[in-house]
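What follows is a set of notes on a single structure, which appears directly below.
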Amino acid sequence: MNKKITKITKIIIMLFMVMVFLGVSKNADAKDKYVTERGVNRNTTIKGISVVAKQYEEAGSYKYKIIMKKNGVKKTIAKNTTTDFTTNGKIIYYSAVVKKISSYETKNCIYKYDIKTGKYTKIISGKSYVVSGCSGRYLYCGIDMEADGIKLYAYDLKKKRKKYMTSVVANVLVDGNHVVTSTNSGDAGNYPINFFKLNGTGKKKVCDGSLLKFENNKIYYFIVRESDWKYKVYTCKYNGKQKKAMTGWVKKIPEKYGWDYRGKKDPGARSICHSDLYIQL
């Protein structure tokens, strides 16, 4: 009888340890989640650290800089940068302008800034390179082709090599073990939304629409009816299954789905705003 009780006790302890391990792993993943911004004056706060891209004037030219605020103290991390960056509250990845190549192209270098140590590390450089997101192991970056979107790569921070993913990318969202990208960087429309593994492989078209957000393995997006410019919000799993309409045809997309209305004096001035996209419509 005692042996049986001891065996049951051991099983309970083992199950408890597994549950604790899974809980710790889940929390660790949540702690390391990166938040990305691609606009000016858009504060991102995570773990008490605020990061923002600001415009400044130098020698008659307008440029951008990345500013961090920690414990109430502001610090300029870098000057002459692009407006994009991604951070998890411990690390900041950003793109600095190295030199001008043409009237619309620059050679950029992506840096890693360690908030605790203040150390800068050069990651990768290239023509018009910008930061689009990070999973921890992989940095999503590429060539900013302006109206034609971003030519996107997954850069392996451990092996120091990149993998081409796709082009004409508007934004990149990372959740768990998956990456979702939206197509087109201009007006909202019904464009391909694609799914990838974290390493940039396994490209699969999920649906057509405009991406709003990606969380808990669910994609939120909307489609446009051009006859009257009304919108309908949908959700589906990252693989495109379990598609479900969240709204009817509406003139305004509810903000809880990632749509941010700006300019109260002009209700027609709209923008999509979430972790790593800001598009004026």
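Only the coordinates and a few stated rules stand behind these numbers; no lab work does. Only a predicted model underlies this, so the values are computations on that prediction, with no experimental measurement involved. Here the Cβ positions follow ideal geometry from the backbone for every residue, glycine too, while neighbour counts run over all protein chains shown.
Assorted remarks:
- Pairs with C-alpha atoms separated by more than 32 Å, drawn from the list 79/232; 63/205; 158/204; 79/251; 47/241; 205/252, are 79/232; 63/205; 79/251; 47/241.
- Among 195, 85, the order by Cβ neighbours within 10 angstrom, fewest to most, reads 195, 85.
- Net charge dipole size for region 33-134 [Lys, Arg +1 and Asp, Glu -1 on Cβ; Debye, nearest 20]: 340
- Of 146, 226, the sequence from fewest to most neighbouring Cβ atoms within 10 angstrom is 226, 146.
- Translational diffusion of region 103-258, estimated by Stokes-Einstein from the Kirkwood radius over alpha carbon pairs at 37 °C in a medium of 0.692 mPa s, is 198 µm² per second.
- Ranked list, fewest to most other Cβ atoms within 10 Å of each Cβ, for 198, 152: 198, 152
- Share of Cα-Cα pairs in region 33-134 lying beyond 19 Å, as whole percent: 37
- Candidate lysines - alpha carbon under 16 Å from residue 160, same-chain residues fewer than 8 apart omitted: 112, 122
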